[in-house]
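The block underneath contains the structure these notes are about, expressed in structure tokens.
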């Protein structure tokens, strides 16, 4: 996610209007709006003041080229809009791989930001994969993962080919199965 978008979301989460953020930060309301909407490139000082007003702090974290759950959901949404279910599925598998990062902090940071809504089934798949990978490292779950429940009665799997291979439910990770998403663990690991 871009810094301007992060700043806007932080301001909104803090319940601040543009005027209140301007008052807290000492910046002009119009300057804040221009930064948040991408019409102006902020200076480091402006970013710091806007973040402080919203009571957030930016931290640096190495991601080694891994994709966040939010970035994956945006890419997945684009693939599905193009009618490319195979690409969407590869994105989900890549997210599962990325969330298997050896560094526990890295795993958690990749999952921290809530994904964009794609569809009920794909949203449940993203949450299930994320929960599965975070539980493997005994990490806490971000709120968005807990809130995305899916439906155990779905028995949903992405239709990536005409001849679908039957799923062995016993091989489906529990967080996925509980959400009605039937994708086996071995399918979620790229070769």
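Conditions (1) within 27 Å of residue 142 (Cβ to Cβ); (2) in contact with a helix residue (DSSP H, G or I) (Cβ under 9 Å, 6 or more places away or on another chain); (3) not in a helix (DSSP H, G or I), marked per residue:
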{"site": "23", "(1), (2), (3)": "no, yes, no"}
{"site": "27", "(1), (2), (3)": "no, yes, yes"}
{"site": "72", "(1), (2), (3)": "yes, yes, no"}
{"site": "75", "(1), (2), (3)": "yes, yes, no"}
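Name the one entry in 107, 87, 149, 179 that is over 22 Å from residue 6 (Cβ atoms) and in a helix (DSSP H, G or I).
Answer to the selection: 87.
Kindly indicate which of 48, 62 is in a loop (DSSP other than H, G, I, E, B), over 22 Å from residue 150 (Cα atoms) and either without any contact (Cβ under 8 Å) to a residue 40 or more places away in the chain or not assigned by TED's automatic domain parsing to the domain that holds residue 11 (or both).
62
Evaluate region 103-111: report whether one residue or more is without any contact (Cβ under 8 Å) to a residue 40 or more places away in the chain and over 12 Å from residue 133 (Cβ atoms).
Within region 103-111, one or more residues are without any contact (Cβ under 8 Å) to a residue 40 or more places away in the chain and over 12 Å from residue 133 (Cβ atoms).
Please find, within region 43-72, the residue that is surrounded by the most Cβ atoms within 10 Å (Cβ to Cβ) out of those that are at pLDDT below 90 and at positive phi.
The extreme case among them is 64.
Test each condition in (1) closer than 14 Å to residue 56 by Cβ; (2) modelled with pLDDT under 90; (3) surrounded by fewer than 18 Cβ atoms within 10 Å (Cβ to Cβ) for residue 15 and report the one that comes out false.
Residue 15 satisfies every listed condition except (2).
Can you name every residue in region 110-137 that is more than 12 Å from the chain's Cα centre (by Cα), modelled with pLDDT under 95 and outside any helix (DSSP H, G or I)?
Scanning region 110-137 gives a single hit, 137.
The values are calculated or read from the model by the stated rules, or taken from the named source; none is laboratory data. Fair warning: this is a prediction, and the values are worked out from it, not measured in the lab. No Cβ is skipped: glycine too gets one built from the backbone with ideal geometry, and neighbour counts run over all protein chains shown.
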